[in-house]
Amino acid sequence: MANKSTLETIGADEARVAAEQGHADAQNDLGGKYEDGLGVPQDYVEAAKWFHLAAEQGLADAQNNLGLMYGNGLGVPRDYTEAVKWHELAARQGHAYAQHNLGVMYDKGWGVPQDYAEAARWYRLAAEQGHTYAQYNLGVMYNDGEGVRGDYVDAAKWFGMAAEQGEADAQGNLGGLYYQGLGVPQDYARAHMLFSLAASLFPAGGKRDNAVNNSNAAAERMTPVQIAAAQNLAQKWLPRGGQAY
């Protein structure tokens, strides 16, 4: 989904009038409407067209959106080199989503030579702005020692920031650090809480099953009172109506 401008609440007809007059925010907004099928038939070609017009005017949101279109082959042929180009233009303007996306390109070697250090640099810039997935990915790099010196303390720090924003993978990974006592004091109750949170957020399948198994493993090392306290703490972290495992 596109990053919407401040004009996202206006209708498609109104956005088109402003877009055709060269208003970059309106062009980006109209591109988002075509991408999502809001007030107009969904049309990725039209979306890419309007994103491109706004991107050429230097609008960072549109540059990032156009990068996503090229990266996913939506409305334009898939072209990772073009994706990198547009993400980088936005990233250099301080756009957190583009910084994260550029980090992914370097991490995976899409459109650029694979470079973990460069990936970590861009993840960090986005993570410091509060981007959840950048925080998680930077935690992974510290955990695995890729692009940065391996450091479980820093891994726990960044996993923790992402976990607090509800990122299930970060919760599971942070739970693993607490379970093993890596970078944080060993704490089975906190590990149990984090594994339970992750299990409540993952869809049915392997990740949820793994989180449940990890939660059960932590519970085996805890007293019933500790388990109840961990479950209560997990429940306070959940969105209203959620249920911890």
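Annotations for the structure displayed:
- Checking each residue in segment 16-46 for being over 28 Å from the mean Cα position of the chain (by Cα) and either in a helix (DSSP H, G or I) or among the polar types (S, T, N, Q) (or both) picks out ARG16, VAL17, ALA18, ALA19, GLU20, GLN21.
- Count - residues of segment 115-169 that are within 24 Å of GLN235 (Cβ to Cβ) and over 14 Å from the mean Cα position of the chain (by Cα): 2
- The lone criterion from (1) of a type in the set (Ser, Thr, Tyr); (2) exposed (fewer than 15 other Cβ atoms within 10 Å of the Cβ); (3) within 30 Å of ASN213 (Cα to Cα) left unmet by THR81 is number (3).
Conditions tested, residue by residue: (1) touching a Gly at 6+ places or on another chain (Cβ under 7 Å); (2) small (Gly, Ala, Ser).
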site	(1), (2)
ALA127	no, yes
LEU138	no, no
MET141	yes, no
GLY145	no, yes
GLY150	no, yes
ALA155	yes, yes
GLY160	no, yes
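- Within segment 166-186, tally of residues that are at pLDDT 95 or above and assigned to a loop (DSSP other than H, G, I, E, B): 7
- Selection status of GLY183, in contact (Cβ under 8 Å) with a residue 40 or more places away in the chain, surrounded by fewer than 22 Cβ atoms within 10 Å (Cβ to Cβ) and farther than 21 Å from GLY71 by Cβ: no
The values are calculated or read from the model by the stated rules, or taken from the named source; none is laboratory data. What you are looking at is a predicted structure, and each value in this text was computed from that prediction instead of being measured. Here Cβ is always computed from backbone atoms with ideal geometry, including for glycine, and neighbour counts include all displayed protein chains.
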